[in-house]
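Below is one structure; the comments refer to it alone.
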Amino acid sequence: MNVTIGVDVGGTNIVCGATDEAGKVLRKLKRPTEAHAGHEAVLGRIAEMVAQIREELGAGIRVTSVGVGIPGLVDPLAGVSKFAGNLKWRDIPVAGLLGEQIGLPVFIDNDVRMYIYGEAVAGAGRGYEHVLGITIGTGIAAAIVNGGELYYGHKALAGELGHVRMDGVEEDCACGLSGCLETVASASGLVRQAKKALREGRESLLNEWFPGEALEQLTAADLSKAMDAGDELAADIIVRAGRLNGRALAAAALVLSPDVIVVGGGGALAGERLMAPLREELYRLLLPDFREGLKVVTAEHNDDAGIIGSSLYAAHRNGA
């Protein structure tokens, strides 16, 4: 039996898993990234995780290749991490260095593209020809899969939906621009807005739940709970985020004409609280021919989508 291994590298943790050709996860490991130790230490840890999984799979199961999803800017053909801010990586030849350590072909790409590729091929987008995916987490990013192939664009930069400038949004973004979608409609953007409103004296259940310095512990999940409890502030923030994401997706849908939009990431865990206003705004802004038959769904695998996508991407690149 031939399998591939997928690796999802985050600023906090590395998740490594083996999947079969259908994307079923057979083994999975999670370790702290410890990016402060440098790229050599991180790649060494990945190599150790790959070795452990190969040992656990046992005789009769052959690992053919490894795929790695990395945040930031990636040159997938050269196998180079061009820039990953939270890892402090710049121009690191990940595929070559890791391949030398593990003795297998290694293929890398951006982590969001790997997440959406996993959902398109073996998740919520399975069976659709034209998939537009978006992840709502610390930031917002998108990816496009047409006919089973990722779309990259010039310099492999396609998909930065989180940096679309939104009318009525003035917050500064870490990218250097202002008014970017992700400053208010990402999971971290929701929390930032709530903290600001509470500090400015807005009435909310959250004042009782997170008094004083406890406010620093507020999460996007807490906003969902507050909305369910009838909190107006939480509802205002989440519904607005849903509508803004719907507005950005409508513009993308008019250009790309997908037949399904997959929404994933931590923000998608808000469920219909966010998805309902997102769909409503999206459909409102689309021409009837674009709207008809377009499905908007949440990710099927979510936490595992990154390793599934990286693994199946490696198999695809390796000619399996």
Query raised in the report: So which pairs qualify, if the first residue must be in segment 111-130 and among the hydroxyl-bearing types (Ser, Thr, Tyr), the second must be in a helix (DSSP H, G or I) and crowded, with 24+ Cβ neighbours inside 10 Å, the Cβ gap must be under 6 Å, and the two must be at least 6 apart or on different chains?
Result: TYR115/ALA305; TYR115/GLY306; TYR115/GLY309; TYR117/GLY309; TYR117/TYR313
Report task. Would you mind stating whether TYR117 is at pLDDT 95 or above, within 28 Å of VAL255 (Cβ to Cβ), outside any strand (DSSP E or B) and more than 16 Å from the chain's Cα centre (by Cα)? Result -> no
Query raised in the report: Name the pairs: first residue in segment 292-320 and touching a residue at least 60 places away in the same chain (Cβ under 8 Å), second residue surrounded by fewer than 17 Cβ atoms within 10 Å (Cβ to Cβ) and in a helix (DSSP H, G or I), Cβ to Cβ under 6 Å, at least 6 apart or on different chains?
Result: none
**Report entry** Residue identified as at pLDDT 95 or above and of a type outside the set (Val, Ile, Thr) among GLY72, GLY44, GLY85, GLY60
**Finding:** GLY44
Requested in this report: Would you check if there is a residue in segment 62-83 being in a helix (DSSP H, G or I), open to solvent by 10 Å² or more (accessible area, probe 1.4 Å) and out of contact with any Cys (no Cβ under 8 Å at 6 or more places or on another chain)?
Outcome: no
Query raised in the report: Looking only at segment 280-314, which residues are open to solvent by less than 30 Å² (accessible area, probe 1.4 Å) and either of a type in the set (A, V, I, L, M) or more than 30 Å from PRO76 (Cβ to Cβ) (or both)?
Result: GLU281, LEU282, LEU286, LEU294, VAL296, ALA299, ALA305, ILE307, ILE308, LEU312, ALA314
Query - Residue among LEU87, LEU157, LEU104, LEU98 that alone is open to solvent by 60 Å² or more (accessible area, probe 1.4 Å) and more than 21 Å from VAL263 (Cβ to Cβ) - result: LEU157
Query raised in the report: How do the pairs read when you match residues in segment 233-258 that are closer than 19 Å to LYS196 by Cα and surrounded by fewer than 20 Cβ atoms within 10 Å (Cβ to Cβ) with residues anywhere that are modelled with pLDDT of 95 or more and not hydrophobic (A, V, I, L, M, F, W, C), using Cβ under 7 Å and keeping only pairs 6 or more apart or on different chains?
Result: VAL239/PRO277
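The values are calculated or read from the model by the stated rules, or taken from the named source; none is laboratory data. Just so we're clear, the structure is a prediction, and the values are computed from it rather than from any experiment. Neighbour counts are summed over all protein chains in view; Cβ atoms, including those assigned to glycine, are modelled from backbone coordinates with ideal geometry. For the accessible areas, the whole protein counts, side chains as well, though only heavy atoms, and no ligand, DNA or RNA atoms are used. Shrake-Rupley method; radii C 1.70, N 1.55, O 1.52, S 1.80 Å.
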